[in-house]
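Step one of this worksheet: look at the structure below.
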Amino acid sequence: MFLLKAEEQHRLIRRFADILVPGGRLLFTSTVEPHVWNDVMTGMESISLGVEEYVRQLSAVGISVKSEYEDEGQNHYFDALKADQNV
């Protein structure tokens, strides 16, 4: 995801919403703050939009962040759920 430009990430998040069934879960990681760096494996520019932007974008397509946590490597995780249409 980070190898995609910001607008491509927006489209991918919309696609997640299309693919996930109601009640489906999405788990992914990002940096807490927006950040740009060079990917070690590819040498390509990587872009993280940051926690606030990812939460906003997910919410806009009906995916709610249910929990967030960080591991010992300071990787920030989102555990998100697509709205159940029966609720």
* Asked: Amide H to amide H under 5 Å from LEU3: which residues, 5+ apart in sequence or cross-chain, H placed 1.01 Å off N in plane?
  -> ILE47
* **Charge dipole (the chain, unit charges on Cβ, about Cα centre) - positive-most of HIS76, MET1, ASN38** => MET1
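Do the sum for the chain: with -39,500 (n - 2.57) for every DSSP H run of n ≥ 4, divided by all residues, what is the mean residue ellipticity at 222 nm, to the nearest 500 deg cm²/dmol? Mind dumping the intermediate values first?
Numbers: 2 runs with 24 residues, N = 87.
Helix contribution divided over all residues of the chain: -8500 deg cm²/dmol.
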* Asked: Any idea of PHE16's accessible area? Nearest 10 Å², probe 1.4 Å.
  -> 50
* Cα point-scatterer Debye curve for the chain, base-10 log of I(q)/I(0) at q = 0.12, 0.15, 0.26 Å⁻¹ -> -0.37, -0.56, -1.36
* **Solvent exposure of segment 20-87 as accessible area per residue, Å², 1.4 Å probe** => 66
* With every protein chain present, what accessible area does HIS10 have (1.4 Å probe, heavy atoms only), rounded to the nearest 10 Å²? -> 40
* Once the Cα gyration tensor of segment 21-62 is found, what semi-axes does its equivalent ellipsoid get, as square roots of 5 times the eigenvalues, in whole Å, sorted largest first? -> 25, 13, 8
* Against the longest alpha carbon principal axis of the chain, how many degrees, from 0 to 90 and to the nearest 10, is the axis of helix 51-60 turned? -> 30
* **Lys, Arg +1 and Asp, Glu -1 on Cβ, resulting dipole of the chain about Cα centre, debye, nearest 20** => 460
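Given an 8 Å cut-off on Cα distances and at least 6 residues of separation, report the relative contact order of the chain as a percent.
Working: 132 pairs, mean separation 29.9, N = 87.
Taking the mean separation of contacting Cα pairs over the length of the chain, I get 34 percent.
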* **At most 16 other Cβ within 10 Å, DSSP loop - GluC sites (Glu not before Pro), the chain** => GLU72
* Return the long-range amide H neighbours of THR31 (sequence gap of 5 or more, or a different chain), with a cut-off of under 5 Å between placed amide H atoms. => GLY50
* Mind pulling the angle between the C-alpha long axis of helix 6-19 and the longest principal axis of the chain? Nearest 10 degrees, somewhere in 0 to 90. => 30
* Given a 1.4 Å probe and every protein chain left where it sits, what share in percent of the accessible area of the chain is carbon and sulfur? -> 53
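The values are calculated or read from the model by the stated rules, or taken from the named source; none is laboratory data. It should be emphasised that the depicted structure is a prediction, and the values quoted were computed from it without experimental measurement. With ideal geometry, Cβ positions are generated from the backbone for all residues, glycine too; neighbour counts draw on all protein chains shown. These accessible areas exclude ligands, DNA and RNA; they are computed on the full protein's heavy atoms, side chains included. Shrake-Rupley method; radii C 1.70, N 1.55, O 1.52, S 1.80 Å.
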